[in-house]
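Some notes on the structure that comes next.
The values are calculated or read from the model by the stated rules, or taken from the named source; none is laboratory data. Only a predicted model underlies this, so the values are computations on that prediction, with no experimental measurement involved. With ideal geometry, Cβ positions are generated from the backbone for all residues, glycine too; neighbour counts draw on all protein chains shown.
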Amino acid sequence: MSDPTGSSIGMLAQVQITPSLPTPSKPEPQAAPATSTGGFSINPSLPGSTPTQQVNPTRTPQLPGGSPSITPSLPGTTTAPTATPPETPVVEESGIGFSEVFIAIIAVALIMLFVRRRSGRLSADMRLTKFVRRNGVAISIYLLTFTTGWIIFMIALPQLYMFDFSFRHNLLPMEIGGPKDVYTLKNYNYLLFGREGGDELLNWLHLEVFFKTIIASVIVTVLNFLLCYPLAFFMAQMVKGRGQRLLFLCLLLPFWVNEILRAFAFKLIFAELGLVNTLLVGLGILDQPYDFLGANVALYTGLTYAYILLMIFPLYNAIESLDHNQIEAARDMGASWLKIHLRVVMPHAKPGIASGCTMVFMLTAGALAAPNILGGPSSLWFTQIIYQWYNTGGNWPQGAAYAFVLLLSCIIFVRIMMRVFKVSLGDIAQR
Amino acid sequence: MSSVELDHITIRFGDFVAVDNCDLTINSGEFFSFLGPSGCGKTTILRAISGFADPTDGSVKIGGRDMHGIGPNKRPTALIFQNLALFPLMSVADNIAFALEVRGVKPKERRQRAEELLNLIALPDQGDKMVSELSGGQRQRVAIARALAVEPEVLLLDEPLSALDLKLRQHMRSELRAIQQRVGITFIYITHDQGEALTMSDRIAVMSAGIVQQVGDGAEIYNNPATSFVASFVGENNAFHGKVTRAENGYAIIETNFGALRGVNRRGLIVGDDAYLFIRPEALRPTENTDASDDTSFQSEILKEEFEGSFLHVFLRSENEQKPIKMALINDARIARHAVGETLGMSFDPDFAVALPIGELADE
């Protein structure tokens, strides 16, 4: 899989998935989101979200009952979930919905049937290419349709659409296509400089969140690597057979539990009266419960654990292909364990390390559920701001611009890291 | 330089006995080979000497020092792996100098030492190449240089020539022997190829099923095998099964399907013992007069002849369909060819025939 696109899908997917959160807290009456500061709600104030902010053109689904615990409140946003906005033609235009995919699959099936029936002449023509000769006509058509369809409809079009969106004004539905509908850089400007005519030179609040997100993602990635490398090495080189299968199962099974549930479980464990605090206080290590949630310990733990498999498996694959004799040879020549890993195992596993770190970094930077649930009151993940622009802020172009800044920065960062560690893109896609 | 002493070592893996009470001493500066079919425990012995495996019983002593609890990195040994295990991501020089690198030797000194070793293995100025750019024989030599870089007292080689083609293998035999004589350290060599063992070694230990069957130099093992396994595994041999009818003056007379035959009796066979008589193909000569009372000749039917240039191989009917009697005749201008189906008389020198107690035969 090529990383940038893959992770951006992951990011977008999460952005879309999260609104359909089951509400874990007691159903509250349709409270104005601005008042909900209880519990662990994040309450960031977006500078410059002006009271004049226009009504959400509402392509975003709203939950009945709302979700007070995760709804960030934007002071000054006049939008309320109760406001029923007018349907816009954009809805049909924007989504590659389930029905389209369904139709595409049917179409492919029909084409394949058709090809089967009249395979004579058609296949005679197609058999000229080596690819078709090797795979047969039906399978070739399936493969080509599927991969091109995947690339165009699942990756290229949605991203291009969002890219286009990020250069537009946030207009009322009736204004779309009108004279006001022109391209602009103001969405990108906003991230850097804030509201036009604002007092601050730069949009420090958002920029700070942005850099904190990147740095925190790096930390999470490094933590993840430090945790997974010994385990991957152990599984790849030290245990065989039954023990190995058992370990794999232990790693995989927890991921059958869905992400939200896992995140909330972490929240419970790290809560003021949670397992960890009870244990530490009980053992006398702490005098009084420590605010793990506030200190973001829970957030980092949750994020690290969330993508552990994406680190373990590339590492495992890479280390597993190392000839065990090389380790023994190095040992025989007097190398310490550290030296063996630095000089023999890690150079060999470099593609796997790069692949795992890229995946984890991209997905962590684009994570939404874990920061939403586990983040301390003072912390904000950049994706949460994006989510707010889309959802509460009702400003899709602004959200798209932010999302693209994040995506591009992550890609650039990863490419720089790859250059530093002398890894090529081909190495990463190798496994 | 150190001697290696295997003091009654036994190595078990669960119920499986890989090495059974092996007790021998390898002298300092010796080229010593362990020869045996795969699975006979020879590699396990090597791993015990290098420190990758621990003997269940007994102890390994190198230079008189008990090696128990001393890891492979702390032993004065260097191991060359069957697949060489060179580091593919390092240059040739880095490979050779790896052991120095982990000991904290300065890069300049490392480079110098690598160059010296490259000269020793006749690959000067190849240090900057990657391992993948070398041929099989060159890699072989790099592996040796890498092992020698730490100046080990004992060099352990685990079938290092098995991946090479025949011609290169034969060339590397003399090369290895020459390197050993140049550096003068103890070489312990593991092989299933008797040609390698016989040509290179000062002494050989023949192993089967975890048991050391015989230790001796090449000629001793070939001419005076101690067990039926050694007799049948080292070189080619014709085995005749029978009962001992007489034992006198250091000879045993064995009643076989081909009549009574005489051989040297070094293992103290007595009348009534089940025994094998081993006669080498090159010990057999065609003869005109075969007498029933003569215990140094017999007759059999010719099955086929193979002409090989320097030798003529004649195959004759034996008690075992699978293993005909084999006679090897040196080709001279007057050599006589025989017709298939003809009955041929053969005689042998009883001093070249060996009578041994019945036991395991090596399958070819």
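A few remarks follow.
- Residues of region B:125-135 satisfying the condition of being away from chain A (no Cβ under 14 Å) and surrounded by 14 or more Cβ atoms within 10 Å (Cβ to Cβ): B:Gln126, B:Gly127, B:Lys129, B:Leu134
- Residue in region B:160-177 that is more than 30 Å from A:Ala330 (Cβ to Cβ), crowded, with 18+ Cβ neighbours inside 10 Å and charged (D, E, K, R) present: no
- Check on B:Arg12, within 14 Å of another protein chain (Cβ to nearest Cβ) and either surrounded by fewer than 22 Cβ atoms within 10 Å (Cβ to Cβ) or more than 19 Å from B:Met207 (Cβ to Cβ) (or both): no
- Taken over region B:250-274, the criterion of being part of a loop (DSSP other than H, G, I, E, B) and within 32 Å of the chain's Cα centre (by Cα) is satisfied by B:Gly250, B:Asn257, B:Phe258, B:Arg266, B:Arg267, B:Gly268, B:Leu269, B:Ile270, B:Asp273.
- Condition check for A:Thr383: within 30 Å of A:Tyr183 (Cβ to Cβ), assigned by TED's automatic domain parsing to the domain that holds A:Ala298 and not in a helix (DSSP H, G or I): no
- Residue that is nearest to B:Asn119 (Cα to Cα), among those in region B:176-189 that are in contact with a Gly (Cβ under 8 Å, 6 or more places away or on another chain) and not small (Gly, Ala, Ser): B:Ile185
- Taking helices (runs of 4 or more DSSP H) as the structural unit, those lying wholly within region A:250-356 and holding at least 3 residues that are crowded, with 17+ Cβ neighbours inside 10 Å correspond to A:259-270, A:297-306, A:308-320, A:324-332.
- Picking from residues in region A:329-370 that are touching a Gly at 6+ places or on another chain (Cβ under 7 Å) and hydrophobic (A, V, I, L, M, F, W, C), the one that is farthest from the other protein chains (Cβ to nearest Cβ) is A:Ala370.
- For region B:100-124, filtering for residues that are of a type in the set (S, T, N, Q) and either under 32 Å from the mean Cα position of the chain (by Cα) or within 13 Å of chain A (Cβ to nearest Cβ) (or both) leaves 1.
- Options A:Leu261, A:Leu286, A:Leu322, A:Leu309: the member that is assigned by TED's automatic domain parsing to the domain that holds A:Leu227 and under 30 Å from B:Ile96 (Cα atoms): A:Leu322
- Qualifying residue in region B:215-226 (condition: among the polar types (S, T, N, Q) and crowded, with 18+ Cβ neighbours inside 10 Å): no
- Count of region B:48-82 residues, restricted to those that are at the interface with chain A (Cβ under 9 Å from one of its Cβ atoms), within 24 Å of the chain's Cα centre (by Cα) and not polar (S, T, N, Q), is 6.
- Residues that are surrounded by 16 or more Cβ atoms within 10 Å (Cβ to Cβ) and in a loop (DSSP other than H, G, I, E, B) occur in region B:179-195; there is at least one.
- Residue within region B:293-300 that is of a type in the set (Phe, Trp, Tyr), closer than 19 Å to B:Ala231 by Cβ and in a strand (DSSP E or B) present: yes
- Tally, over region A:156-182, of residues that are under 13 Å from A:Ala400 (Cβ atoms) and exposed (fewer than 12 other Cβ atoms within 10 Å of the Cβ): 1
Okay, residues lined up against (1) closer than 14 Å to B:His241 by Cβ; (2) surrounded by 13 or more Cβ atoms within 10 Å (Cβ to Cβ); (3) modelled with pLDDT of 85 or more:
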site	(1), (2), (3)
B:Thr287	no, yes, no
B:Asp295	no, yes, no
B:Phe298	yes, yes, no
B:Phe315	no, yes, yes
B:Ala333	no, no, no
B:Leu356	yes, yes, yes
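- Comparison of B:Ala97, B:Ala93, B:Ala85 shows that the only residue that is aliphatic (A, V, I, L, M), crowded, with 19+ Cβ neighbours inside 10 Å and facing another protein chain (nearest Cβ under 7 Å) is B:Ala85.
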